[in-house]
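Student: Dropping a structure here in structure tokens format, bear with me for questions.
The values are calculated or read from the model by the stated rules, or taken from the named source; none is laboratory data. Here the structure is a predicted model, which is why all the values come from computation and not from measurement. Reconstructed Cβ throughout: ideal geometry from the backbone, glycine too, with neighbour counts over all protein chains shown.
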Amino acid sequence: MSTGARDTLLLEELDTRLRRLVRERVQPGARVALLGEAPELARALEAAGCVVLVAAASEGRGARLLAFAPTHVVLPVDVGEPVLQAREASEAVPDAELLLAIRNAGASAALLDTLLGLAPSRAGASAEALLRELSSLGLEVRHQESIPCRDSTEALAPDTARALRQLLAQLSPTAEADGLLLALGRASSRPPPRQPELLSVVLWAGDAPAASLDETLFSLACQDYRPLELLVVLPPGASLTEPEARMLLERHRRLRDFSFQLIRVPEGGMARGVREARGQYLSFLDASCVVYPAHYAQLVQRLREGSAAWAFARSRWALVRDTAGGRFIAQKKPFPLGDHFELSHLLEHPALLYGLVVDRTRVGALPLEVADPVEAPRADLLPRLASLFEPVFTAGLATWEWRALGAEPLALPAPSLQVLLPLASLEERVARAQARGESTKGLRYQAIDRLNQRLRERFPGAHARVRSLASRVLR
């Protein structure tokens, strides 16, 4: 199918799904402003008992919208300059809900066609850029649907095309969407400006008892690094109430000052925490963790010294018991990490999410939001970061602990990722693997040589058979 035919089908599907979205979100009796000609949709809305205003682009449209006072504003499919029209509507009627559908100029299939010279670049903005611009207008997404990319060009082998599309999706999750349908409303607050050198820690309180959160907050108050802000996420069903959490925060802030914010939303609290975070540096923590005083200072210093986008540190896992006499650590052991970073570490130990620091100025527009965890981090942020950016791993003494009330957190299924590595990093890993192999081979030789010597001394007749066995083992 030609690129033109695919785009025609996409526009038809966007139009159909936008009309369906409008019908789902608009109730009878609503006042709907259409910022463009859409006769079929206008008739359907009027038949449903809605009051409709068709307001094509013209001078004075903002005043007409203000006088009409719509509950919903609908932008036609493939409208030119959707951000400008969204700005006009949101300024004129800030309480109205905006409904729109767009083609994604940053769709992976469209980008591949353009790179291969099979089609011109798709007009308009990428979905990621559009979402950022709408957010800067003070709008937040209330509902989002995506139309998946259709099969990409036949000019590439299927596996190659799939791998390239997966890589583009790691850089931007919306790259796998050919189009987006959005319902937008006025946000309670605009994203805060980024503050250089500030470290923002998004702390998941979850169902941790007060004693666990108390230990975590004490360890944060004792951090050497400043400036520091905490964004404490209290999900539905959290064991602590907001006043209890605030009391703990105020008490620990007297040890050494830090700013904090309590976040309580029905879902997506971690994502809200990331959006509200003002710091250049970003970290995640769970109320079952404690960080040693030099933890963040050490990681930030390593980032300042080089060009890495993120860093993580060696850690310990501790089993905590609650008894009538108080809490005590029944068992403690290090996470089995070597002296060098390996991608397998992050897949085997998802709790390492809580030992990282990201320099947000070095990851560009890469989304850093993670899912709300339950018993362990339920996100692929760590391997996504590792697949795109080589980290700094501080291989010295452990600088933080995961204090589990139950069993050690289990590894999650490995996500399907394409890994970008500089050639020098790949050569270094191969050299380390070869060195480990040579070391192991040397130990095997030594062990068999000692066994051979002892058998030759004690059982001279068996010497030939031992040499034959050793030759087969060492092949």
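Student: For ALA30, which of the numbered conditions (1) in contact (Cβ under 8 Å) with a residue 24 or more places away in the chain; (2) closer than 20 Å to GLN85 by Cα; (3) over 33 Å from the mean Cα position of the chain (by Cα) fails to hold?
Tutor: Of the numbered conditions (1) in contact (Cβ under 8 Å) with a residue 24 or more places away in the chain; (2) closer than 20 Å to GLN85 by Cα; (3) over 33 Å from the mean Cα position of the chain (by Cα), the odd one out for ALA30 is (2).
Student: Of all residues being touching a Lys or Arg at 6+ places or on another chain (Cβ under 6 Å) and buried (at least 16 other Cβ atoms within 10 Å of the Cβ) in segment 11-57, which is nearest to LEU75 (Cα to Cα)? Just the residue, please.
Tutor: Residues of segment 11-57 touching a Lys or Arg at 6+ places or on another chain (Cβ under 6 Å): 41, 51, 55.
Filter again for buried (at least 16 other Cβ atoms within 10 Å of the Cβ), leaving 41, 55.
Numbers: LEU41: 12, ALA55: 10 Å.
My answer is ALA55.
Student: Can you tell me which residues in segment 341-362 are surrounded by fewer than 18 Cβ atoms within 10 Å (Cβ to Cβ) and of a type outside the set (Val, Ile, Thr)?
Tutor: Hits for segment 341-362 are GLU342, LEU343, SER344, GLU348, ARG362.
Student: Identify the residue in segment 101-121 that is assigned to a strand (DSSP E or B) and touching a Pro at 6+ places or on another chain (Cβ under 9 Å) and, among all such residues, is surrounded by the most Cβ atoms within 10 Å (Cβ to Cβ).
Tutor: ALA101
Student: Just name the residue that is farthest from ALA96 (Cα to Cα) out of those in segment 48-75 that are β-branched (Val, Ile, Thr) and under 38 Å from the mean Cα position of the chain (by Cα).
Tutor: Among those residues, the one meeting the criterion is VAL74.
Student: Specify the residue that is modelled with the highest pLDDT; the eligible residues are those in segment 147-184 that are among the small types (Gly, Ala, Ser) and in contact with a Lys or Arg (Cβ under 7 Å, 6 or more places away or on another chain).
Tutor: ALA183
Student: Please specify each residue of segment 127-145 satisfying the condition of being in contact with a Ser or Thr (Cβ under 7 Å, 6 or more places away or on another chain) and either outside the structural domain of PRO94 (by TED's automatic domain parsing) or within 15 Å of GLU176 (Cβ to Cβ) (or both).
Tutor: Listed by number, the residues that qualify are ALA127, GLU128.
Student: Select, from LEU84, LEU116, the only residue that is under 21 Å from LEU171 (Cβ atoms), hydrophobic (A, V, I, L, M, F, W, C) and either in contact with a helix residue (DSSP H, G or I) (Cβ under 9 Å, 6 or more places away or on another chain) or in the same structural domain as GLU37 (by TED's automatic domain parsing) (or both). Steps first, please.
Tutor: Numbers: LEU84 fails: under 21 Å from LEU171 (Cβ atoms).
Result of the check over LEU84, LEU116: LEU116.
Student: Go through segment 58-94 and give me each residue that's of a type outside the set (A, V, I, L, M), surrounded by fewer than 17 Cβ atoms within 10 Å (Cβ to Cβ) and more than 22 Å from LEU41 (Cα to Cα).
Tutor: Start the filter on segment 58-94 by keeping residues that are of a type outside the set (A, V, I, L, M), which leaves 58-62, 64, 68, 70-72, 76, 78, 80-82, 85, 87-88, 90-91, 94.
Applying the additional criterion that residues be surrounded by fewer than 17 Cβ atoms within 10 Å (Cβ to Cβ) yields 58-60, 62, 64, 80-81, 91, 94.
Passing the criteria: GLU59, GLY60, GLU91, PRO94.
Conditions (1) modelled with pLDDT under 85; (2) out of contact with any His (no Cβ under 7 Å at 6 or more places or on another chain); (3) surrounded by fewer than 18 Cβ atoms within 10 Å (Cβ to Cβ); (4) not assigned by TED's automatic domain parsing to the domain that holds ALA169, marked per residue:
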{"position": "ALA311", "(1), (2), (3), (4)": "no, yes, no, yes"}
{"position": "ASP322", "(1), (2), (3), (4)": "yes, yes, yes, yes"}
{"position": "ALA330", "(1), (2), (3), (4)": "yes, yes, yes, yes"}
{"position": "GLY364", "(1), (2), (3), (4)": "yes, yes, yes, yes"}
{"position": "LEU368", "(1), (2), (3), (4)": "yes, yes, no, yes"}
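Student: If you go through segment 295-307 one residue at a time, do you hit one that is within 21 Å of LEU366 (Cβ to Cβ) and assigned to a loop (DSSP other than H, G, I, E, B)?
Tutor: Within segment 295-307 (the criterion being within 21 Å of LEU366 (Cβ to Cβ) and assigned to a loop (DSSP other than H, G, I, E, B)), the answer is yes, since at least one residue qualifies.
Student: Determine which single condition PRO94 fails, assuming it passes every other condition in (1) farther than 26 Å from SER146 by Cβ; (2) in contact with a Lys or Arg (Cβ under 8 Å, 6 or more places away or on another chain); (3) not in a loop (DSSP other than H, G, I, E, B).
Tutor: Among (1) farther than 26 Å from SER146 by Cβ; (2) in contact with a Lys or Arg (Cβ under 8 Å, 6 or more places away or on another chain); (3) not in a loop (DSSP other than H, G, I, E, B), the lone unmet condition for PRO94 is (3).
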